[in-house]
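Quick note: the coordinates plus some simple rules give every number you see, no bench work behind them. The structure presented is a predicted model; accordingly, all values stated were derived computationally and were not measured. Backbone-built Cβ (ideal geometry, glycine too); neighbour counts: all protein chains shown.
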Amino acid sequence: MVRVGIIGMGIRGNLYASTVKYNAYAEVKAVAEGNSARLKEATEQLGVPGYADYNKMLEENDFDMVVVALPDHLHREAVLKTAAKKCHLLIEKPLATSYEDAKVMVEGIRKAGVKALVGFENRWNPVMLSAKEAIDANELKDVQLIHARLNDSIMVPTRMLGWAAGSTVAWFLFPHIIDLSLWMTGKKVRSVHAFGQKNVLAAMGVDTYDSITAVVEFEDNLVGTYSSSWIYPESLPLVYDLRFEVLGTAGAIAVDCRDQMIHKMTDVYTHPGILGRPIYGKPVGFAAEMLNSFIDNVRLDTEPLVDLDQALYGVNVIDTIHRSVISRKVEEVR
Ligand SMILES: NC(=O)c1ccc[n+]([C@@H]2O[C@H](COP(=O)([O-])OP(=O)(O)OC[C@H]3O[C@@H](n4cnc5c(N)ncnc54)[C@H](O)[C@@H]3O)[C@@H](O)[C@H]2O)c1
């Protein structure tokens with residue numbers, strides 16, 4: 001059995017814990033969570049030891065792998081300490097909220113010789129896999145434009161996450177759309193020009209950007225536009241709005257995840273999330289697939305689907321986007 005530890009029992013930590021429950025080859029051995037009510041709930045539900053301090057959890061248990069599902073800006077120490085204990089790591093995206101941190105983390109992971117997967121769950125999203133297949137089969141010929149937007153309702157930074165001010169909308173959402181672009185095209189980035197606005201959230205006491213938009217110049221004459229906002233009204237029918245379009249010289253692909261085939265009209269109008277919903281309690285969506293595939297990597301000693309260098313490169317690109325937001329100039333990827 002693959003022995004799993006989970007650090008951070010919020011939304012993602014709980015999703016992974018329920019996924020492991022249905023995996024015949026793995027079991028959760030212990031969890032760590034800083035919020036005492038969440039810790040109590042998790043330990044009662046899972047029937048495993050719970051720790052307020054993840055250092056203590058790492059000291060007192062032997063794990064094969066640990067999931068780091070902490071807030072964006074808190075991944076570094078947990079990853080370095082877990083790697084030093086020689087445990088394989090599933091690390092939620094973003095790997096880190098700075099390129100400097102990410103480099104140190106990757107160095108620590110490499111030094112420890114453990115496997116690590118960064119949570120780019122869209123690589124397991126059937127819709128995105130179809131898009132990649134078409135690009136790989138050269139159906140679009142030379143890809144010259146990518147338009148990607150991924151927005152959240154304002155509920156996410158204000159009511160869902162207690163820590164939005166420790167991150168940015170781009171650290172939280174761009175990892176998906178930047179990774180999709182790098183993964184689908186295999187191209188490197190040359191430069192970026194990005195813009196950020198701080199109005200609504202800052203006025204509500206959440207000191208972070210409302211929106212970040214970047215024009216990204218890739219090699220081979222490919223250009224991408226990326227935009228993420230955290231201030232869409234709560235009337236957004238699905239909590240997120242993901243659109244990803246690729247234009248090549250011979251065709252185009254447009255992914256629109258806003259409409260997941262069911263429109264619900266009660267006192268409010270909503271699009272219930274279907275991609276990723278559990279089936280009779282069993283998590284079977286792409287986040288679950290990602291975790292199950294990493295469990296397979298650990299037990300069969302195979303390589304994770306997301307290469308650590310690719311994850312590090314993605315952090316480099318998003319870090320450059322933040323540099324450009326601040327400098328208001330075009331910035332080269334270092
Ligand atoms: N892959 C995806 O599609 C996806 C989707 C959503 C979130 N995420 C990422 O997953 C991570 C977690 O997000 P979430 O939505 O579960 O957030 P969350 O706020 O629901 O969960 C984080 C948990 O960590 C706990 N915590 C904070 N500091 C701690 C510490 N020092 N020790 C132990 N516990 C501590 C918090 O109390 C909280 O319960 C983030 O990095 C986020 O960006 C990924």
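Each of 314, 302, 330 was scored by the projection of its Cα onto the charge dipole of the range 293-334, and the greatest displacement toward the positive side belongs to 330; charges sit on the C-beta of Lys, Arg, Asp and Glu.
Calculated on C-alpha atoms, the gyration radius of the range 234-280 divided by its Kirkwood radius gives an Rg/Rh of 1.11.
With the largest listed first and rounded to whole Å, the semi-axes of the equivalent ellipsoid of the chain from the Cα gyration tensor are 31, 23, 21. Among 322, 193, 75, 263, sorting on how many other beta-carbon atoms sit within 10 Å of each Cβ, with the fewest leading, yields 263, 193, 322, 75.
With 31 Å as the limit, the listed pairs 21/86; 132/282; 29/188; 40/86; 141/198 have 29/188; 141/198 beyond it between alpha carbons.
For the pair residue 197 and residue 77, a Förster radius of 41 Å applied to the C-beta separation gives a FRET efficiency near 0.85, rounded to the nearest 0.05. Between residue 254 and residue 98, the simple spin-label model (points 7 angstrom out along Cα→Cβ) gives 4.1 nm.
For the pair the range 290-334 and the range 41-64, the centres of their Cα atoms are 28 angstrom apart. Each of 238, 215, 163 was placed along the dipole of the range 115-253 (beta-carbon charges, centred on the mean Cα), and the one lying farthest toward the positive end is 163.
Here the range 161-234 is assigned +1 on the Cβ of each Lys and Arg and -1 on the Cβ of each Asp and Glu. Its dipole about the Cα centre then comes out at about 120 debye.
Two tests apply to each whole DSSP H helix in the chain, Cα reach of 27 Å or more along its axis and mean Kyte-Doolittle hydropathy of at least -0.5, and the ones passing both are 308-327.
Ellipsoid semi-axes for the range 156-209, based on the Cα gyration tensor and the rule √(5λ), read 27, 14, 7 Å when sorted largest first. Among the GluC sites (Glu not before Pro) in the range 80-161, those located in a DSSP loop and surrounded by at most 13 other Cβ atoms within 10 Å of their own Cβ are 139. Fully extending the segment from residue 35 to residue 243, taken as 0.36 nm per residue of separation minus the present Cα-Cα distance, adds 71.4 nm. Put in line by how crowded their Cβ is, counting other Cβ atoms within 10 Å and starting with the fewest, 261, 65 read 261, 65.
The charge dipole of the chain, taken about the Cα centre with unit charges on the Cβ atoms of Lys, Arg (+1) and Asp, Glu (-1), comes to about 320 debye, rounded to the nearest 20. Could you tell me the calculated FRET efficiency between residue 165 and residue 275, based on Cβ-Cβ distance and R0 = 41 angstrom, to the nearest 0.05? Using R0 = 41 Å, I get an efficiency of 0.90.
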